[in-house]
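Following: one structure in structure tokens, then a few remarks.
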Amino acid sequence: MTDPATAPEPAMRQKIDTSVPHSARIWNYWLGGKDNYPVDEEAGDAYTALFPGIVTIARSSRAFLRRNIAYLVAEAGIRQFLDVGTGLPTADNTHEVAQRLAPEARIVYVDNDPMVLAHARALLYSSHEGATAYIDADVTDPDRILAAAAETLDLSRPTALILSNILGHVADDEQARSIVTRLMSALPSGSHLSINDGSRGIDPVFEEAQDGYNKSGAVPYNLRTVDQITAFFDGLELIEPGVVPVTQWRPEAGAPTAQVIAEHGGLARKP
């Protein structure tokens, strides 16, 4: 039987450019995944040579998202998730965490990387009680995202919007805020917004490595200050402890003292 993790659908394969490193595949490499190409490993290794802490950032970001989703399901009662810029499947994907706690949860993943979409369709199976869908759309087209998501989600009911390490790909700060505002405006009271992104002003070594990566020809990822990340939550009610290093957002009981890293995130409720 063909291994879907290494053999994307033929139509998708034709659209995958393996000559240029791609952020989703590099991120997958740092997370310990296998869905990447030599060009991605080379770019990832070059980055870690300058800043080994990027692996900690990647894995801490994933753990933050897992804790966010657990809170949303167990404490906020959320049963619908719109995960924009989902990236390649790894362990503890959004639907896996959510449906483990609430099998009836419904999740829509959004990405515009053909490799991500091909692997998601092959590997991410919903529980029988819930639903999982995949949308080919760009974060800069929120209207398309909302229209397609409405085929699976009831957007009149509270929904969690997840923007994990995706807004850094939108260079213009005003445009990024407009995207968040448009998506959240379509969701009702009781919906939540989860954001985490690389932060500027915390670690100069990280900033130097990221700025160098952005000049390499790969798709750039733009760091933002903590104040800029916090501004995405304007008009919403931040859940304690607010916007903090992702390691410090509701760490699990018994976890060692969380270090400060240049990756900030938060979770907020729409009143």
Practice item. Would you mind classifying the stretch 31-72 by shape? Square roots of the alpha carbon gyration tensor eigenvalues, ordered a ≥ b ≥ c; an a/c under 1.5 is rounded, otherwise it is prolate if a/b is larger than b/c and oblate if not. Key: oblate
Check your understanding: How large is the charge dipole for the stretch 129-271, taken about the Cα centre, if only the Cβ atoms of Lys, Arg (+1) and Asp, Glu (-1) carry charge, to the nearest 20 debye?
Key -> 240 debye
Exercise for review: Specify the longest stretch of the chain that does not include any exposed loop site, a site being one of the GluC sites (Glu not before Pro) with a non-H, G, I, E, B DSSP assignment and at most 14 other Cβ atoms within 10 Å.
Suggested key: 152-251
Practice item. Compute the accessible area per residue over the chain, keeping the other protein chains in place, probe 1.4 Å, unit Å². Key: 44 Å²
Point to revise | Given 13 as the ceiling on other Cβ atoms within 10 Å, longest exposed-site-free region of the chain for trypsin sites (Lys or Arg not before Pro) in DSSP loops | key: 35-214
Check your understanding: How would you classify the stretch 155-241 from its alpha-carbon gyration tensor, with a ≥ b ≥ c the square roots of the eigenvalues: rounded for a/c under 1.5, else prolate if a/b is greater than b/c, otherwise oblate?
Key -> prolate
Practice item. Specify which residue in the list Thr159, Pro21, Leu31 is farthest towards the positive end of the charge dipole of the chain, using unit charges on the beta carbon of Lys, Arg (+1) and Asp, Glu (-1), about the Cα centre. Key: Thr159
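Given a Förster distance of 35 angstrom, what is the FRET efficiency for Lys215 paired with Glu129, based on the Cβ-Cβ distance and rounded to 0.05?
My answer for the efficiency is 0.15.
Heavy atoms only, probe 1.4 Å: what % of the accessible area of the chain goes to carbon and sulfur, would you let me know?
Heavy-atom surface of the chain belonging to carbon and sulfur, 1.4 Å probe: 51 percent.
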Check your understanding: In deg cm²/dmol, rounded to 500, what helix-only [θ] at 222 nm does the chain give when every DSSP H run of at least 4 residues adds -39500 (n - 2.57) and the total is split over its residues?
Key -> -11500 deg cm²/dmol
Exercise for review: Once you have all Cα-Cα distances for the chain, histogram them in 10 Å bins from zero and send the whole-percent values.
Suggested key: 7, 31, 39, 21, 3, 0
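Let me know the charge dipole size of the chain about its Cα centre in debye, to the nearest 20, where only the beta-carbon of Lys, Arg (+1) and Asp, Glu (-1) is charged.
Values: 22 positive and 36 negative charges, 115 e Å.
Its charge dipole is roughly 560 debye.
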Check your understanding: Taking square-rooted eigenvalues a ≥ b ≥ c of the alpha carbon gyration tensor, is the stretch 202-271 rounded, prolate or oblate, where a/c under 1.5 means rounded and, failing that, a/b exceeding b/c means prolate?
Key -> oblate
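The values are calculated or read from the model by the stated rules, or taken from the named source; none is laboratory data. These figures come from a predicted structure and were not determined experimentally. Every residue, glycine among them, receives a Cβ derived from its backbone with ideal geometry; neighbour counts consider all protein chains shown. When the accessible area is computed, the model is the full protein with side chains, heavy atoms only, and any ligands, DNA or RNA have been set aside. Shrake-Rupley method; radii C 1.70, N 1.55, O 1.52, S 1.80 Å.
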